[in-house]
1. Is it true that LEU175 is closer than 23 Å to ARG232 by Cα, in contact with a strand residue (DSSP E or B) (Cβ under 9 Å, 6 or more places away or on another chain) and surrounded by fewer than 17 Cβ atoms within 10 Å (Cβ to Cβ)?
2. Report whether or not ALA451 is within 30 Å of the chain's Cα centre (by Cα) and small (Gly, Ala, Ser).
3. Take the stretch 2-50 and flag every residue that is basic (Lys, Arg) and within 16 Å of GLU68 (Cβ to Cβ).
4. Does ARG261 satisfy being outside the structural domain of LEU361 (by TED's automatic domain parsing), basic (Lys, Arg) and more than 23 Å from GLU384 (Cβ to Cβ)?
5. For the stretch 272-284, which positions are without any contact (Cβ under 8 Å) to a residue 12 or more places away in the chain and either touching a strand residue (DSSP E or B) at 6+ places or on another chain (Cβ under 8 Å) or of a type outside the set (Ser, Thr, Tyr) (or both)?
6. Residues to consider are LEU28, LEU42, LEU59; find the one that is under 18 Å from ALA222 (Cα atoms), assigned by TED's automatic domain parsing to the domain that holds SER208 and buried (at least 16 other Cβ atoms within 10 Å of the Cβ).
Amino acid sequence: MMTTTLLDTTLREGELFRVLKTGAKVELVRRLADAGLKRIELTVDYPPRTTREDVEPVLKAAKDCGQETVLHGRALKQDVEAAAKYDAYGVAVYISPTKLHRVHKLHGMSLEEAVERLVEAVSLAGSYGFRYVRATVEDASRFFVDGEFQTLVSVIEKLAEAGASLVSVPDTAGLLSPRTSSQFIRSLRQSTSTPLAAHFHNDYGMASPNTVEAILEGVAEAHVTLMGVGDRNGIADLYEVVATLEDIHNIHLGVDRSKVRSLYSFFGKIAGLRLPWRHPLSDEAKTLRAGVHQAMAVEKPEGYMPKKKLELDFGNPVFHIGVYTSHRLVAMLTGLDPGDPRVRAATETLAQRARERKNGLRYSDLRDVLKSMLDVDVSPDVVERYMKHERVYLLAKLNPQYDVEKILRELAAWDDVENVDEVYGDVDVVVVGRLTSSRDNIVERFRTFFAEGIEDLKVLVAD
């Protein structure tokens, strides 16, 4: 099987969803490199919308980290020439030769004209000495879906002859499923020896599994972003692709899993995004609610969660104290025998209180019941290890002269911060985080660290 290189395009495709400030991009590049991402993609500058000052610092940071940087542009002479002004590893040029795009986007351009534009851009890029030249046949999957597969093969061969290092065959409109993605890439691999790049959009929620299938079929390069961000509802998610291949197929793509959660956390904060509850790295992904699940998980959590996710991503599951709480969980937390009638009684009390609260119990509720009914003081460290953290909202009104960017930069490094938004109105900054019982919890740390800038602070704890 061909070795696949991951290309992280968070700073190109992802910027179609959320544009980041230059300093944040530079730090993100360093963190991507630290996590093992060796190839990234940026958009070439488009003056006056973007300038060299937007690209150069990020490119330099990537080079300092030893990354291969690809500059992405249109199949136009000016875009290739703009890319050639930088010390970049490679360039990617694109155009769509499908009839739908040619008629409705490219003003009736013929297939021959579209292909020739791409061929000329590839040849020009090669003349500048780029070590990597990628030709992107935008909307390529439509050729396959519409029964024009041989046309696509012919286009790929012409691009290879022009000097393309590899040809990207994106599923631009999200038309494929895992089965058809596999068929698509396999058919191309059987029809051409040209290295291929895979880029799948997530319109039906299948970008990540489609990318996994493409890698299993031997593409040379696969495109991913953090959280799957990209145009519309995005492309393949870095974690979903990496973890699936590593844990299920035993294929390692060079990503350091121990760095991925913190990488996602940092990106979420600088981009103002939170992981959806159903994302495999979310807190919900490691939370067990059913009593029978909890009863087994206190002894063998891999009965309800993949063992490698526990080892590489989570460490241990967390347990929701709700109406279905297991008495075995209570026994584990207190060190008492699960058969002790008092343990069952305490569990029933917890379940009843959870029913009244509707959303489960807080740390303090749990500890109060266990103390009053079982005379057991459960360590806060134990509770916080196995229970979901309480969510806290900090609404800060700042001194008008205070540098908001200082707060945003600092909070991006705090592990217990989930999200930060600069807002306008009665407050200036809204912080969402995880509240612990520690004296150095997020609330006290925020008050102390930014004391000189805070005019007023409201603290809200989610029920």
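The values are calculated or read from the model by the stated rules, or taken from the named source; none is laboratory data. Predicted, not measured: the structure shown is a model, and the values here were computed from it. Note that we place each Cβ from the backbone using ideal geometry, even for glycine, and neighbour counts take in every protein chain shown.
1. Against the criterion (closer than 23 Å to ARG232 by Cα, in contact with a strand residue (DSSP E or B) (Cβ under 9 Å, 6 or more places away or on another chain) and surrounded by fewer than 17 Cβ atoms within 10 Å (Cβ to Cβ)), LEU175 does not qualify.
2. no
3. Within the stretch 2-50, ARG12, ARG30, LYS38, ARG39 qualify.
4. no
5. PRO276, TRP277, ARG278, GLU284
6. Only one candidate qualifies: LEU42.
Residue-wise test of (1) touching a residue at least 24 places away in the same chain (Cβ under 8 Å); (2) closer than 30 Å to LEU310 by Cα; (3) in contact with a helix residue (DSSP H, G or I) (Cβ under 7 Å, 6 or more places away or on another chain).
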position	(1), (2), (3)
TYR393	yes, yes, no
PRO400	no, no, no
ASN419	yes, yes, yes
VAL423	no, no, no
ASP428	yes, no, yes
PHE450	yes, no, yes
